[in-house]
Amino acid sequence: MGTNSFHLIIVQVKSDGSFKIIDREREVIRLGSHKGKEFTWISEGEIEKAIDVLSDFAKIAQFYKAEVRAIATSAIREAKNKGEFIDRVFEATGITVEAVDGRTEAELIYLGVQHALDVYNKRILCVDIGGGSTEFLLGEKGISEFSESLKIGAVRLSKMFFPDYHLTISGIDMCRHYIIDKLNSNENLHAHHNFEIAVGSSGTIVAAASIISFRRTGKFKKSMNGFTFSADEIFDLTTDVLKCESPVDRLFIEGMEIKRADIIPAGLLILSEVFNKFRLKEMTVSENALREGIIIDTISKMEEMKSVIN
């Protein structure tokens, strides 16, 4: 249950602990985007929309006779009415929502990345740009050296600096400086880390990779998993997107996803400054992230319970 969208993933767990994805759904929801500059309140309309989406998800889960685990991120964990939101969701849908902290979110993303790419034995930097926050993790062999979560996300910064998703030169400058300040305020985020590969996941990064891939070949790739793009490609794309004042203008960029045209400027500003901060030459896409990490974590918890019972 992210800030920008809610995702459902239904999997069949095999006897060896591996899993097969049998269904998935996604609904754009934009939580916490209607009141104030920060994600301090989930509005009545947003609560009702969330309950509608989760009611549909619950029906799909019932169809598959699937147990449900629901993890909520930035907008819900920060909301002053988080308790009311969680209680009302449970009353309406029977779904128990877990609001995880940012570092736990980063750890779960790392689990998902390891399932998508052959990186278990590599020292990797994971970057996941969400709607409300961006997660960073440096890990090797399943163990994280650090995990961090910053309150910079594509929906959050759009709301703060780009009213009605329209760009101005001053808004872009203020947004860029805000991102740089947030990155500089965390002592773990610097260019002196040694890692073999930088991995990016979630909406902004997958969408950027998709546009870059289209620019290279003139064709759409079905999967972006394992796709690598360069710093120059991301800087060029960011420059082109920031020239487009309105979301409608951005739709003329070939490969642009309709539902992301409004928030992608903020997302690309974050990504560009991450490239600058870590002096990255390139980044590789993982199509697995938090939701697959939740599946892996849930399976391991189920297996722990079985071993305790046995």
Select, from I76, I129, the only residue that is in contact (Cβ under 8 Å) with a residue 24 or more places away in the chain and either aromatic (F, W, Y) or closer than 24 Å to N194 by Cα (or both).
I129
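Part of a helix (DSSP H, G or I), farther than 23 Å from A207 by Cα, open to solvent by less than 30 Å² (accessible area, probe 1.4 Å) and at pLDDT below 95 - does that describe any residue in the range 154-164? Quick ask: steps written out before the conclusion?
Step one: filter the range 154-164 for residues part of a helix (DSSP H, G or I), giving 154-161, 163-164.
In the following step, the residues that additionally are farther than 23 Å from A207 by Cα were identified as none.
Scanning the range 154-164 turns up no residue that is part of a helix (DSSP H, G or I), farther than 23 Å from A207 by Cα, open to solvent by less than 30 Å² (accessible area, probe 1.4 Å) and at pLDDT below 95.
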Among the residues of the range 233-247, are any under 21 Å from L138 (Cβ atoms) and open to solvent by less than 70 Å² (accessible area, probe 1.4 Å)?
yes
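Restricting to the range 250-273, what's the tally of residues that are under 14 Å from the mean Cα position of the chain (by Cα) and in a loop (DSSP other than H, G, I, E, B)?
Let us first name the residues in the range 250-273 that are under 14 Å from the mean Cα position of the chain (by Cα), namely 260, 263-264, 266-268, 270-271.
Narrowing further to those that are in a loop (DSSP other than H, G, I, E, B): 263.
Residues flagged as under 14 Å from the mean Cα position of the chain (by Cα) and in a loop (DSSP other than H, G, I, E, B) within the range 250-273 amount to 1.
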Here's a check for you: in the range 248-261, which residue that is open to solvent by less than 30 Å² (accessible area, probe 1.4 Å) and either free of Cβ contacts under 8 Å to residues at least 40 places away in the same chain or touching a helix residue (DSSP H, G or I) at 6+ places or on another chain (Cβ under 6 Å) (or both) is farthest from I152 (Cα to Cα)?
G255
Condition set polar (S, T, N, Q) and over 22 Å from the mean Cα position of the chain (by Cα), scope the range 284-310, selection surrounded by the most Cβ atoms within 10 Å (Cβ to Cβ): answer is S300
What is the number of the single condition among (1) farther than 21 Å from S74 by Cα; (2) without any contact (Cβ under 8 Å) to a residue 24 or more places away in the chain; (3) assigned to a helix (DSSP H, G or I) that Y120 does not meet?
(3)
Check on S202, in contact (Cβ under 8 Å) with a residue 60 or more places away in the chain and hydroxyl-bearing (S, T, Y):
yes
Does the range 213-224 contain at least one residue that is in a helix (DSSP H, G or I), touching a strand residue (DSSP E or B) at 6+ places or on another chain (Cβ under 8 Å), surrounded by fewer than 20 Cβ atoms within 10 Å (Cβ to Cβ) and not hydroxyl-bearing (S, T, Y)?
no
Answer yes if at least one residue in the range 187-204 is open to solvent by less than 40 Å² (accessible area, probe 1.4 Å), of a type outside the set (K, R) and farther than 28 Å from I294 by Cα, and no otherwise.
yes
Looking at the structure I just gave you, is T284 assigned to a helix (DSSP H, G or I), hydroxyl-bearing (S, T, Y) and in contact (Cβ under 8 Å) with a residue 12 or more places away in the chain?
no
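Identify all residues within the range 126-143 that are under 21 Å from L271 (Cβ atoms) and surrounded by fewer than 22 Cβ atoms within 10 Å (Cβ to Cβ); write none if there are none.
Here is the first cut: in the range 126-143, the residues under 21 Å from L271 (Cβ atoms) are 126-139.
Selection gives L138 alone.
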For the range 173-192, what are the residues that are within 21 Å of the chain's Cα centre (by Cα) and in a loop (DSSP other than H, G, I, E, B)?
N186, N188, L189
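The values are calculated or read from the model by the stated rules, or taken from the named source; none is laboratory data. Owing to the predicted nature of the structure, the values given are computational and were not obtained by experimental measurement. Note that each Cβ is placed from the backbone with ideal geometry, even for glycine, and that neighbours are counted across all protein chains shown. The area values use the complete protein model at the heavy-atom level, side chains included, leaving out ligands, DNA and RNA. Shrake-Rupley method; radii C 1.70, N 1.55, O 1.52, S 1.80 Å.
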